[in-house]
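Written out below as structure tokens is the structure these notes cover.
The values are calculated or read from the model by the stated rules, or taken from the named source; none is laboratory data. What you see is a predicted model; the values in this text were computed from it and never measured. Methodologically, a virtual Cβ is constructed for each residue, glycine included, from the backbone with ideal geometry; neighbour enumeration extends over all protein chains shown. These accessible areas exclude ligands, DNA and RNA; they are computed on the full protein's heavy atoms, side chains included. Shrake-Rupley method; radii C 1.70, N 1.55, O 1.52, S 1.80 Å.
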Amino acid sequence: MKTLGTLGEREAIRLIDRIVQSDAEVGIGDDCAAIDIGDRYLLVTTDMMAAKTHIPKGMKPYDIGWSLVAVNLSDIAAMGGSPIGLVTAIGITRGHPVDYLESIVDGMNECAQRFGTSIMGGDTKEHESLTLCGTAVGEVPKNQIILRKGAKPGDLVVVSGELGLAGAGYYSMKRNLGLTDCEAALRRPRPRLKEGAALAASGLVTSGMDISDGLSSSVFELSRNSGMTYEIDYSTLPKAEEVGLVFQDLERQKSLVLNFGDDFELLFTIERGAESDLEDITARTGTPFTVIGKVTSGEENILIDNARREKLENLGYEHFRTRQS
Ligand SMILES: [Mg+2]
């Protein structure tokens, strides 16, 4: 009998996609569903967090609530949208202290407020372990939407911010290293909403998504959606400094930067020559953008490391399978 453990999350999503008959303009497989409402698309996304598989030990209830809202808003950012609001569902045991629930809701509320939106409703149920589900709604002008498909050969691959910060935070928490900046990046991710909206409005972006499950996994998603291949130059990746503090070993550093998720940066493609226009967006948002490779029409996705070309492996985090690093 084939189980979900052998199928993996991405194949499970494809299985669901084959069954449902979606009326949305953009359906399953992108960061949000996009529904035609005239001159705009209504964006809807949902994301779940379960204590057993998705909440690192040491995460405080406030941070759990914050993260739930942040990861949903990150999907709105990925499509270039602006948030309208969220609803959240909380499954929790009867043994949880009341102030635990209060802290979760405080975290949700403050993240929503911080990013210019609010929690508009939800549901609470008794459940055998903590399970949270958020649904975010947003909007984007029709001609500005950023999709996972659309990259052409020669386009440049760009990433926002730094990579490996949340991953370094995970190991810092696990080993009590006290690297507070990267622990904060893991505990309180910041959705790139203003960056996503500015990129969408600029018209520079040919495709994009957010990096929730690691860079390698996101490169493969963009590659699959565009039908193109990607060449990523490892030496150009904006690696967080702290990665070198949690791992001395260069191969482990590489695996963390390429495959560890939870950075919630934007990965996108632009036409060659448009990179100087990104500087305006950096000036307005304070967020750096780095060109990390190019789109090709080759056989497979490639990683260039020290002038050596190797196959890029798709080793990002995938549910129903275990973490690789
Ligand atoms: Mg996403």
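As an exercise, identify the trypsin sites (Lys or Arg not before Pro) in segment 1-44 lying in DSSP coil whose Cβ has no more than 12 other Cβ atoms within 10 Å. List each step's numbers first, then the result.
Values: sites: Lys2, Arg10, Arg14, Arg18, Arg40; in loops: Lys2.
Sparse-neighbourhood loop trypsin sites (Lys or Arg not before Pro): Lys2.
Take the alpha carbon gyration tensor of segment 1-142, find the square roots of its eigenvalues, order them as a ≥ b ≥ c, and report rounded if a/c is under 1.5; if not, report prolate when a/b exceeds b/c, else oblate.
Verdict is oblate for segment 1-142.
Taking amide hydrogens as modeled 1.01 Å from N in the peptide plane, which residues meet the under 5 Å criterion relative to Phe260, leaving out close sequence neighbours?
Amide H neighbours of Phe260, under 5 Å, 5+ apart: Leu215.
For segment 31-143, what does the accessible surface come to per residue with a 1.4 Å probe? Please give it in Å². Please report the intermediate quantities before stating the final value.
Numbers: 5160 Å² over 113 residues.
Per residue, segment 31-143 has 46 Å² of solvent-accessible surface.
Could you work out what % of the accessible surface of segment 31-143 is carbon and sulfur, using a 1.4 angstrom probe and leaving DNA, RNA and ligands out of the count?
54
Loop-only check: which trypsin sites (Lys or Arg not before Pro) in segment 61-138 are DSSP coil with at most 16 other Cβ within 10 angstrom?
Of the trypsin sites (Lys or Arg not before Pro), the ones in loops of segment 61-138 whose Cβ has at most 16 other Cβ atoms within 10 Å are Arg94.
Show me the GluC sites (Glu not before Pro) within segment 180-284 that DSSP assigns to loop and that have at most 14 other Cβ atoms within 10 Å of their Cβ. Don't skip to the end; give the middle numbers.
Numbers: sites: Glu183, Glu195, Glu221, Glu231, Glu241, Glu242, Glu251, Glu265, Glu271, Glu275, Glu279; in loops: Glu241, Glu242, Glu265, Glu271.
In loop regions of segment 180-284 (DSSP not H, G, I, E or B), the sparsely surrounded GluC sites (Glu not before Pro) are Glu241.
Taking every pair of alpha-carbon atoms in segment 193-325, give the share separated by more than 27 Å as a whole percent.
19
Quick one: which residues, 5 or more positions from Arg40 or on another chain, have an amide H under 5 Å from its amide H? H modelled 1.01 Å from N in the peptide plane, none for Pro or chain starts.
Residues meeting the criterion, in which the H sits 1.01 Å from N, are Lys142.
Set the bar at 28 Å for Cα to Cα. Now go through Lys149/Lys239; Lys52/Lys152; Lys57/Lys125; Lys194/Lys294 and name every pair that lies beyond it.
Lys52/Lys152
Provide, as a two-decimal number, the C-alpha radius of gyration of the chain over 2.2 N^0.38 Å, N being how many residues it has.
Computed over Cα atoms of the chain, the ratio equals 0.96.
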